[in-house]
Amino acid sequence: MKITALVHGYPPNKNAGAEWYLHNLFKHLVEKGHYITVRLAISDMEPYDLDGVKVEVDSYRNTKEDILTSDLIISHLNRQGYAINVAAFHHKPIVVINHNANGFPAIPAKHQPDSQNRFLYTIYNAEHIKKSLHYPNPSFVLHPPVDADR
């Protein structure tokens, strides 16, 4: 599966819990044979690879090509509104990861109860977050994956 992630920061440059959650998830998916490109809205960075995850600038031409050829989009935190709109426009499924209870109002509005039109899915990092936000789209709880060696 080809996955494009539209996020605001990524390790090691962004050394925070949500970003390491995302990376540990992606590292596992890469180990299982999936191809992942992370697109960051940072114009002055050099592309890099971290444990098989490609990290590149979110530039219109390259990101559009990634989106068109991706099977799935993933986002979280402050880029999820942008990512949800991109996914809807290009008719791509998207998974939004929620790390806290600071809700995002567009998620219920974008929910499609008809499974044939559904494109938005949610991962919560804890039962508490799921109960607090209670978005209507299909979801599950994935507790933070941890790299014990790190």
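The values are calculated or read from the model by the stated rules, or taken from the named source; none is laboratory data. Values in this document were obtained by computation on a predicted structure and should not be read as measured data. Note that we place each Cβ from the backbone using ideal geometry, even for glycine, and neighbour counts take in every protein chain shown. Just so you know, the surface numbers come from the protein's heavy atoms only, side chains and all, with ligands and any DNA or RNA stripped out. Shrake-Rupley method; radii C 1.70, N 1.55, O 1.52, S 1.80 Å.
When the chain is described by a simple charge dipole with +1 on each Lys and Arg Cβ and -1 on each Asp and Glu Cβ, the residue from 101, 63, 24 located farthest towards its positive end is 101. Summed over qualifying helices (DSSP H, 4 residues or more, each -39500 (n - 2.57)) and divided by its residue number, the chain shows a 222 nm mean residue ellipticity of -9500 deg cm²/dmol.
What you get for the chain, charging only the Cβ of Lys and Arg (+1) and of Asp and Glu (-1), is a dipole of about 480 debye around the Cα centre.
Applying the criteria of a DSSP loop state and at most 14 other Cβ atoms within 10 Å to the trypsin sites (Lys or Arg not before Pro) of the stretch 1-84 yields 32. For the stretch 1-55, the alpha carbon positions stretch 30, 21, 16 Å along the principal axes, listed from largest to smallest. Measure off, as a whole percent, the carbon and sulfur share of the 1.4 Å-probe accessible area of the chain, all protein chains present. Here it works out to 52 percent.
For a 19 Å ceiling on Cα separation, which of these pairs sit above it: 92/130; 14/54; 32/110; 2/110; 27/110; 14/64? The pairs that break the limit, which is 19 Å between Cα atoms, are 92/130; 32/110; 2/110; 27/110; 14/64. Think of the stretch 47-97 as a dipole: +1 on every Lys or Arg Cβ, -1 on every Asp or Glu Cβ, centred on the Cα centre; then among 77, 48, 90, 90 lies furthest on the positive end. Long hydrophobic helices in the chain, taken as whole DSSP H segments with a C-alpha length of 30 Å or more on their own axis and mean Kyte-Doolittle hydropathy at least 1.0, are absent.
Only one of (1) 53, 38, 31; (2) 77, 31, 27; (3) 40, 36, 28 was calculated from the structure for Cα extents along the principal axes in Å, and its label is (3). On full extension, the segment bounded by residue 142 and residue 100 gains 13.8 nm, given 0.36 nm per residue less the C-alpha separation. In this structure the chain gives 53 Å² per residue of accessible area when probed at 1.4 Å with all protein chains present. Take the Cα of residue 45, step 7 Å toward its Cβ, do the same at residue 28, and the gap between the two points is 2.2 nm. Calculate, for residue 127 and residue 59, the FRET efficiency according to 1/(1 + (r/R0)^6) with r their C-beta to C-beta distance and R0 41 Å; round to the nearest 0.05. Calculated transfer efficiency: 0.60.
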